[in-house]
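Taking it in order: structure first as structure tokens, then the write-up.
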Amino acid sequence: MTKSQEMRAKLSTMKGECQAFLDGGKAAEARAKMDEIREMNDMIDMQERLEAEEKADIQNSAAGRVQEARQRDAVAEFAAAVRSGFRNAMTEGTNADGGYTVPDDISTQVRQYREEFFDMTQYVNVETVSTKSGARTYQKKKTVTGFQVVGEGTAIPGLTQPEFERITFTIAKYAGIIPVTRELLSDTDANLVRIIMRWFGRNSAVTRNNLIFNKIKAKTQVTIASMNDIRTALNVTLGSVYKPTSKIFVNDDGLNYIDGLVDGQGRPLINPDPTAPAQLRFRVGTNVIPIVAIPNAFLPTVEGVAPIIIGDVKEGITLFDREQLSISRSDVAAVTGFNAFEQDGTLFRGIERLDVEEVDGDAYIYGGIDLSKATEYGSGYSAFLGGAPIASGGEGGGD
């Protein structure tokens, strides 16, 4: 037991004595004891700092001895090489021939490569729920015909009545475990716990992306073969109900394809938003629609067909979030193949519970662009434009 630990044990006894004075109504004695407790706390703080410095000195001394030993070994091997008349040329690649004199540039600080990342949840509706399952009631879409002319004394006809439907959700649990040895946690100079937490966070985002994209791709994929198809999707299929809040989602391949399209005056159809340069806008006829690029890793091209999503997915898709990502760690738990207590390690566990459902399928379309068409006509004159350049302000090519 260290000196500071002994002092803390004494502090615990002093606190008990102070409590006894208070219980007995002895305010003066309790006040005096509190003064002693404060003084003891100050002494403990100073003692712990002193012990920490002593420990650091010991560690530095040990590290110094190791370094000295390495230097002595290097000197000894170098001297042996001298005595042998340097029969072997001194090379950096061989320790005895000079390699020991060249330090290795090794950093154990974990660096991370720049990686693609995308979070689709920012574009869909996210609703927090408190039950495992449930339902939401919606009024069905139905054509309203209006009132009819009714003559005097004539019976008033009935109206079509509103109808209702329910969208149900069932929460599922998604989880994963990472085992780590105690030695690794103790010996590494990298912030390994922070790296593990970030890794769980990325897995959570990928899980949610997959659920959202799988729900979208469950729709029948329509072929987007020209600008006219996009214009018709916006003006007719989505119409005035969804077009004002619509976006166009494409992957890297799709963005690369349409990024080469120009109008009849050679102006690109994709331009940055002047108020937010990082946000791209796509000019389709009289419409200017925000475009969102999704990395291929999250929404891949399949058999030469690049996916394209057009519409308001916030109206179309809802993510029901029962439990956001929670991360726990244990040094006594056991899973198949790893017993944290027996194997002196730590288990990190990440869990989240959610469900993704399509709420309004009319709010968006899921399409595909055949990328092979791009190489047949060249940039700016692709089949996507109808085989001819778009005339500014005219009908040619579909803009």
Determine, for each peptide in 324-333, 290-299, 243-252, the mean count of other beta carbons within 10 angstrom over its residues, then list the peptides with the highest first.
243-252, 290-299, 324-333
Listed by chain and number, the residues whose amide H is under 5 Å from that of G345, excluding neighbours fewer than 5 places away on the same chain and using placed H, are R182
Under a straight-distance cross-link criterion of Cα-Cα below 22 Å, which lysines are reachable from K55, leaving out those fewer than 8 residues away in the same chain?
K3
How much of the pair distance distribution for segment 291-349 lies past 14 Å, counting alpha-carbon pairs only, in percent?
73
Under 5 Å from the placed amide H of V222, counting only residues 5+ away or on other chains, we find Y366, G367, G368
For V126, residues with placed amide H under 5 Å, excluding near neighbours
L319
Accessible surface ranking that places the most exposed of K140, K173 first, with a 1.4 angstrom probe
K173, K140
Whenever you get a sec, line up T301, T137, T143 from highest to lowest accessible area (probe 1.4 Å, protein heavy atoms).
T143, T137, T301
Calc'd 3J(HN,Hα), segment 261-272, phi into Karplus 6.51 cos²θ - 1.76 cosθ + 1.60 (θ = phi - 60°), Hz, glycine/Pro = x, comes to 7, 10, 8, x, 9, x, 8, x, 7, 9, 9, x
In order over segment 225-237: 3J(HN,Hα) from phi, Karplus 6.51/-1.76/1.60, θ = phi - 60°, whole Hz, x for each Gly or Pro, gives 9, 7, 4, 4, 5, 5, 4, 5, 4, 6, 7, 10, 4
Per residue of segment 135-146, in order, report the coupling 6.51 cos²θ - 1.76 cosθ + 1.60 (Karplus, θ = phi - 60°) as ³J(HN,Hα) in whole Hz, putting x for Gly and Pro.
8, 10, 9, 10, 7, 5, 6, 8, 5, 9, 9, x
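Which pairs, out of K215/K247; K132/K217; K10/K33; K141/K247; K132/K173, put more than 20 Å between their alpha-carbon atoms? List each step's numbers first, then the result.
On the way: K215/K247 18 Å; K132/K217 25 Å; K10/K33 13 Å; K141/K247 23 Å; K132/K173 10 Å.
From K215/K247; K132/K217; K10/K33; K141/K247; K132/K173, over 20 Å: K132/K217; K141/K247.
The values are calculated or read from the model by the stated rules, or taken from the named source; none is laboratory data. No experiment lies behind these values; they were computed from the predicted model shown. Positions of Cβ are generated from backbone atoms using ideal geometry, with glycine treated the same way; all protein chains shown enter the neighbour counts. With ligands, DNA and RNA removed, areas are computed over all heavy atoms of the protein, side chains included. Shrake-Rupley method; radii C 1.70, N 1.55, O 1.52, S 1.80 Å.
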